[in-house]
Amino acid sequence: MKHQIPNTFGIQVYANQWLSYHSVEELQLFISEGQLKAPWLHIGAGSNLLFTKDYEGTVLHSEIRYIHRKEEDDRQVMLAVGAGVCWDELVEYAVNHGWQGIENLSLIPGEVGSAAVQNIGAYGAEVADVIYSVHGVDLYTGQVQSWSREECNYSYRHSLFKQPGMKHFALTEVVIRLSKSGIPNLSYRGLAEQLARSSSPCTLLTVRQAVIDLRRSKLPDPAELGNAGSFFTNPFVPSAQAEALKLRYPLLPVYPTADGRVKLSAGWLIEQCGWKERSMGDAAVYEKQALVLINRGHATGADIYHLSEEIIRSVEERYGVHLVREVNVF
Ligand code: EPU
């Protein structure tokens, strides 16, 4: 029987088969018994996916949910976390214990496995900063495999696991290392400013609350308005191109990076092209953050995809910058 695929865009799509597993052993059994038939797609909470049609294959989902304290000393703690744990529950757990490292990533939708695949990031932090190792299962053979943080090859919203040749691995456990120092990371100016506005002392709990307040003020709640957070990644361009653009558009926000390239704000480029609040049917650009595309009610995946194509075209035409989707399209 067809199974509806959960997704935060609120689009009704179905898969031929749905398999959820609660342990590595159960997943290995699905493989050895031949229940897992290709093609397959492994998903988390569906918070970074856009379906333009039904999925003619098997959707796999991890229900491995544990948080184990693996090792600790007086400076740090190592946690082994099941891939199916809700990301924000892990953040809340860490903050409540006074462990620092992921509080800036509060309220990001999704699950721990996908967080490690796409290297989620916000407010001056990314999950790669705390990852120690990642463990998974080869969906062809059922064999378990482990990768150190270095082997995961993390960069901005990217990892080894996003490469085409790696799609046959399902991540089952992520090991993270958190600090007991309690010293928050306030490198992101907007976060430091948000905290400065409140009279309460700066603790992990108040940082988490400030991040939650910031996100709620800028990003729509998927439970109320279908969306997948930032639809595009921020583009990186060579410094000469950024300089030329800055001469023409003096207000362009530019963020030079350590590798010599310059990061631009996709949200700014989209807004300047006049897209904010515009819609094509029920597919629209969010009024408070142009990087977010929303489903106002009855948009199809194809409607949202079509809107994203038009945005890419107009930004390219005006600024010569090619936007890349952060959301995975199927
Ligand atoms: N801006 C505009 N208009 C807009 C949106 C942004 O002009 O409509 C400009 C402003 O200059 C603003 C700057 O862009 O100062 C940066 O905006 P913001 O702080 O909202 O961050 P972002 O670069 O648009 C990124 C992440 C978000 C993350 C925030 C905060 C990506 C693709 N997105 O957005 O992550 O929450 O920074 O750190 O890197 C996500 O990935 O789903 C996500 C929400």
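There is at least one residue in the range 288-299 that is of a type in the set (Lys, Arg) and near the ligand (Cβ under 9 Å from one of its atoms). Looking at the range 43-128, the strands (runs of 3 or more DSSP E) lying wholly inside it that each contain 3 or more residues that are surrounded by 21 or more Cβ atoms within 10 Å (Cβ to Cβ) sit at 55-62, 76-82. For the range 147-163, a residue qualifies if it is part of a strand (DSSP E or B) and touching a Ser or Thr at 6+ places or on another chain (Cβ under 6 Å), and exactly one does: Ser148. Scanning the range 299-316 for residues that are crowded, with 21+ Cβ neighbours inside 10 Å and β-branched (Val, Ile, Thr) gives Ile304, Ile311, Val315. Name the pairs whose Cβ atoms lie under 9 Å apart, with the first residue in the range 28-40 and touching a residue at least 60 places away in the same chain (Cβ under 8 Å), the second charged (D, E, K, R), and 6 or more positions between them or separate chains? Close Cβ pairs (under 9 Å, with a partner that is charged (D, E, K, R)) amount to Ile31/Asp138; Trp40/Lys167.
Here is a yes/no grid of residues against (1) small (Gly, Ala, Ser); (2) touching a Gly at 6+ places or on another chain (Cβ under 8 Å); (3) modelled with pLDDT of 90 or more:
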position: Ile176; (1), (2), (3): no, yes, yes
position: Gly182; (1), (2), (3): yes, yes, no
position: Gln194; (1), (2), (3): no, no, no
position: Leu204; (1), (2), (3): no, yes, yes
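Within the set Gly136, Gly121, Gly113, the sole residue that is more than 15 Å from the ligand (Cβ to nearest atom), at negative phi, within 17 Å of the chain's Cα centre (by Cα) and modelled with pLDDT of 95 or more turns out to be Gly113. Quickly run through the range 259-278 and pick out the residues that are at pLDDT 95 or above, open to solvent by 50 Å² or more (accessible area, probe 1.4 Å) and more than 7 Å from the ligand (Cβ to nearest atom). Of everything in the range 259-278, those that are at pLDDT 95 or above, open to solvent by 50 Å² or more (accessible area, probe 1.4 Å) and more than 7 Å from the ligand (Cβ to nearest atom) turn out to be Arg261, Lys263, Gln272. Every condition in (1) open to solvent by 40 Å² or more (accessible area, probe 1.4 Å); (2) within 29 Å of Arg261 (Cα to Cα) is met by Ile183 except one, and the failing one is (2). When restricted to residues that are more than 16 Å from the ligand (Cβ to nearest atom) and either in contact (Cβ under 8 Å) with a residue 60 or more places away in the chain or of a type in the set (D, E, K, R) (or both), the range 198-208 contains 2. Note on the range 236-263: residues that are in contact (Cβ under 8 Å) with a residue 24 or more places away in the chain and in contact with a strand residue (DSSP E or B) (Cβ under 6 Å, 6 or more places away or on another chain) amount to 5.
Conditions tested, residue by residue: (1) under 20 Å from Tyr123 (Cα atoms); (2) within 16 Å of the ligand (Cβ to nearest atom); (3) among the small types (Gly, Ala, Ser); (4) buried (at least 18 other Cβ atoms within 10 Å of the Cβ).
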{"residue": "Leu191", "(1), (2), (3), (4)": "yes, yes, no, yes"}
{"residue": "Ala196", "(1), (2), (3), (4)": "yes, no, yes, no"}
{"residue": "Ile212", "(1), (2), (3), (4)": "yes, yes, no, no"}
{"residue": "Asn234", "(1), (2), (3), (4)": "yes, yes, no, yes"}
{"residue": "Pro250", "(1), (2), (3), (4)": "no, yes, no, no"}
{"residue": "Val254", "(1), (2), (3), (4)": "yes, yes, no, no"}
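Test Gly182 against the stated conditions and say whether it is more than 20 Å from Leu60 (Cα to Cα), assigned to a loop (DSSP other than H, G, I, E, B) and not hydrophobic (A, V, I, L, M, F, W, C). Write out each step before concluding.
Numbers: more than 20 Å from Leu60 (Cα to Cα): yes; assigned to a loop (DSSP other than H, G, I, E, B): yes; not hydrophobic (A, V, I, L, M, F, W, C): yes.
In short, yes.
The values are calculated or read from the model by the stated rules, or taken from the named source; none is laboratory data. Note that the structure is predicted; figures quoted are calculated from it, not measured. Positions of Cβ are generated from backbone atoms using ideal geometry, with glycine treated the same way; all protein chains shown enter the neighbour counts. These accessible areas exclude ligands, DNA and RNA; they are computed on the full protein's heavy atoms, side chains included. Shrake-Rupley method; radii C 1.70, N 1.55, O 1.52, S 1.80 Å.
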